[in-house]
Amino acid sequence: FKLITMAANKEQIDKALSANDGIFLRNTFCGRNWEVLENTVRSSLASHFIRSFVSLPETVQSIALKDDSLVTALESALAYYGSSHNAIMASSEQYRCAVDNLARKAMFQHFTNVTGEFLRAAKLYSAMRMGGVDDEIEGDFTFAEKCDIYVSMAECYLADDETVEADGAVQRAGLFVDKMQTTGKGKKKEDSDSDGCEEDNNLEWQIILRYKSNYATILDANRKFLQAASRYYEISTIKRKEILEENLLELLGCAATCAILAKSGPQRHQILALISKDERLAQLDSMSQYQNHSVILHKMYKSELLQKKEIQIFEQSLRDHQRAIMSDGMTIMERAVIEHNMIAVSKLFTSILLSKLGPLLLEGVNARKAESVAAKMISDGQLRGHIDQVDGLLTFEDINEEHGLSRWDASIARVCDEFNKISDLLKTGSATIGA
């Protein structure tokens, strides 16, 4: 009786699929009707439904996926199919040609290219069945294909501002990037002599470029601006005919933005120097979103005071996550400007009253805030100086004379000088050292 019922259900599924009867399929694979079935029956029906869908021509699949009820039924069938087939080894079913993976690919294309449901697409790909990082199983995805899946997931998560999930996906992709770069190819070793190596290398290069770009975007979104600036700039210097010059300029603009927003310090100064010396920087002035970047970046590199108007123009180009208010009550931009102007002031004055310092840092900054920022920068090693709270005075130390490394060099020089004097005395036979 069960066999007859199952056969009848499979026939109904095929008819519903042919007629695009998504409501029948949703009622079959979702809700109470689906849950009451025995596991063996559900496994058989889910497998049949997925195989029937995959067997359809691509054009017919595209039409069928326009019915959201049918898509919901497919998602339910895939969820069950995946959970019941996870233990199957690639020796008995090849991952690359597995029907559930083929269905996921078709649905992923539909979600990303037609409906724009990126989060739904990412979750669908997260269930893709494939071997691990070190697996080289016959029928498995290549390293490049696995990397592409995780990069695609990261792109979808980023499209919906899900940075935590995007970070996880790009970290997984990074494992396969390492494999691709170690072996010099994305395919398994036994496939290395196959035709189309140049095409494969092109594809792998594009995947790695997407990985790097997404990684930089995630660092930016997580407000790790120093690392993001470095990554953006690295990509912007890639010279390949496939990359448009305007795209490289866009990446250079992103690098400049992140460098400006990064916490002050030696590493930031290095990236500022790198970008400010780039011949392409002046070209950013012609792009509306980066029209003031070169001015601010050069001033920061040269430790010159920033003006209110320059800051306002720059702020208009910032994205939402770059406008966030930090725990100290300042925006990211305000903190970056105040810290920079503090360094710039230290180049102009040996000491300054805190009441006079505030307005130089940023309009609206009072003496108390100026003292708080200076104290933190001194404690973090970003600034050398000391504060006289009684007189309300900030005194800067001359970094060239007082810096620890300079003192160390001076000490070595004095020791060497004394050693030379002793050596000269010994050579002349006068050993009266203690005089």
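Observations on the structure shown:
- When Rg and Dmax are taken over the Cα atoms of region 240-309, they come to 12.3, 41 Å.
- Note on exposure: Thr28, Thr40 ranked by accessible area (1.4 Å probe, complete protein assembly) read Thr40, Thr28, with the most exposed listed first.
- When the charge dipole of region 122-163 is built from unit charges on Cβ atoms (+1 for Lys and Arg, -1 for Asp and Glu) and taken about the Cα centre, the candidate among Leu158, Leu124, Thr142 whose Cα reaches farthest toward its positive end is Leu124.
- Accessible area (Å², 1.4 Å probe, nearest 10) - Val60: 60 Å²
- Checking the Cα-Cα distances for Lys105/Lys212; Lys123/Lys263; Lys179/Lys263 against a 26 Å cut-off, the pairs over it are Lys123/Lys263; Lys179/Lys263.
- Ordering of 350-360, 202-212 by packing [mean C-beta count within 10 Å, highest first]: 202-212, 350-360
- Fraction of accessible area attributable to carbon and sulfur, region 308-354 (%, probe 1.4 Å): 51 percent
- Histogram of C-alpha separations across region 256-365, 5 Å bin width, %: 2, 12, 22, 24, 21, 12, 5, 2, 0
- Estimated inter-spin distance, Glu58 and Asn33, nm [label 7 Å along Cα→Cβ]: 3.3 nm
- Each listed q (0.11, 0.21, 0.24, 0.25 Å⁻¹) maps to a log10 I(q)/I(0) for region 1-81, found by the Debye formula over equal Cα scatterers with no solvent: -0.25, -0.91, -1.20, -1.30.
- R0 of 35 Å, Cβ-Cβ distance Thr115-Glu279: FRET efficiency to nearest 0.05: 0.20
- Rounded to the nearest 0.05, the FRET efficiency derived from the C-beta distance between His269 and Arg96 at R0 = 56 Å is 0.70.
- Its convex hull of Cα atoms gives region 204-252 a direction-averaged projected area, equal to a quarter of the hull surface, of 3.1 nm².
- Region 99-159: Rg to Rh, with Rh as the Kirkwood radius over Cα pairs: 0.99
The values are calculated or read from the model by the stated rules, or taken from the named source; none is laboratory data. Treat the numbers as computed from the prediction; the structure is a model and nothing was measured. A quick note on method: Cβ atoms are made from the backbone with ideal geometry, for glycine too, and the neighbour counts reach across all protein chains shown. Quick note on the areas: whole protein, heavy atoms, side chains included, nothing else; ligands and nucleic acids left out. Shrake-Rupley method; radii C 1.70, N 1.55, O 1.52, S 1.80 Å.
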